[in-house]
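What follows draws every value from the coordinates through simple rules; no lab data is involved. Everything quoted here is computed from the prediction, not taken from an experiment. So basically every Cβ, Gly included, is an ideal-geometry build from the backbone, and we count neighbours across all protein chains shown.
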Amino acid sequence: MPAPYGALRGHVAQSNPIWQDFEPDKEVLAIFHGPEAYISPSWYATKKESGKVVPTWNYAVVHAYGTLRIVEDAGWIRDQLESLTNNSEASFAEPWTLNDAPKDFTEKLIGTIVGIEIEITRLSGKWKASQNQPLENQLGVIQGLISIGEAEMAALVGAGINHA
């Protein structure tokens with residue numbers, strides 16, 4: 001039965017101890033960080049009204065929990081490398097493929113890596129993007145973030161604004 005949330009697939013060098021230093025029956029955690037940024041209280045419109053503001057930090061994060069499986073099958077590893085490369089090269093005018101390198105060269109390298117797969121059994125996400133602030137403070141945060149080059153977090157704050 002497949003994991004309810006899919007699987008994360010990758011590889012590590014055989015010399016990397018991460019693939020040997022785990023307990024097969026214990027849950028593992030992969031953390032994905034989204035944008036994050038310091039939020040200055042000076043960006044809040046309500047600072048002028050009450051002064052009751054403090055600095056904070058906005059962020060977005062997802063935790064993926066599951067079971068780790070080690071894969072030493074060369075065919076599986078080749079498929080994983082081809083998938084990763086094809087996805088990463090897709091936007092290039094002349095995408096590189098694994099077959100562009102000599103087969104004996106890639107086969108030798110494949111022999112030096114180990115496949116890893118985490119079947120995701122649980123996901124937990126959290127975002128703090130000034131959604132607890134009144135609209136005028138959210139707008140001030142967006143302007144402040146843009147002024148310091150934090151456009152990604154500014155967009156996340158903007159996405160959370162209730163446009164009703």
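Some observations on this one:
- Panel order for W96, W127, W57, W19, by other beta carbons found within 10 Å of each beta carbon, from fewest to most: W57, W96, W127, W19.
- Altogether, the Stokes-Einstein calculation at 4 °C and 1.567 mPa s, with the Kirkwood radius of segment 50-108 over Cα pairs as Rh, returns a diffusion coefficient of 81 µm²/s.
- Reference-scaled alpha-carbon Rg (2.2 N^0.38 Å with N residues) for segment 24-80: 2.12
- Inter-label distance for Q143 and L29, nm, one decimal - labels placed 7 Å from Cα along Cα-to-Cβ: 3.9
- FRET efficiency estimate (nearest 0.05) - Cβ-Cβ, D79 to Y5, R0 25 angstrom: 0.75
- Sum of -39500 (n - 2.57) over DSSP H runs of 4+, divided by residues of the chain (222 nm, nearest 500): -9000 deg cm²/dmol
- Based on Cα contacts under 8 Å between residues 6+ apart, segment 73-139 shows a relative contact order of 30 percent.
- Mean Cα-pair separation over length for the chain, i.e. relative contact order, pairs under 8 Å, 6 or more apart, %: 34
- Where the Cα pairs of the chain fall when distances are cut into 5 Å bins, in %: 1, 8, 13, 12, 11, 11, 10, 10, 9, 7, 4, 2, 1, 0, 0
- Between amide H atoms placed 1.01 Å from N, distances below 5 Å from I120 occur with Y5, G6, A7, L8, all of them 5 or more places distant or on a separate chain.
- When the chain is treated as a GNM with alpha-carbon contacts under 10 Å, the residue of E89, E49, E150 showing the greatest mean-square fluctuation is E49.
- Computed label-point distance, nm, for sites A90 and A45 using a 7 Å Cα→Cβ extension: 4.1
- Size-normalised alpha-carbon gyration radius of segment 97-164, reference 2.2 N^0.38 Å: 2.06
- Taking 7 Å steps out from each Cα toward its Cβ at R69 and T97 produces label points 2.7 nm apart.
- Over all other residues within a Cβ to Cβ distance under 12 Å of T67, the charged ones net out to -2, with Lys and Arg as +1 and Asp and Glu as -1.
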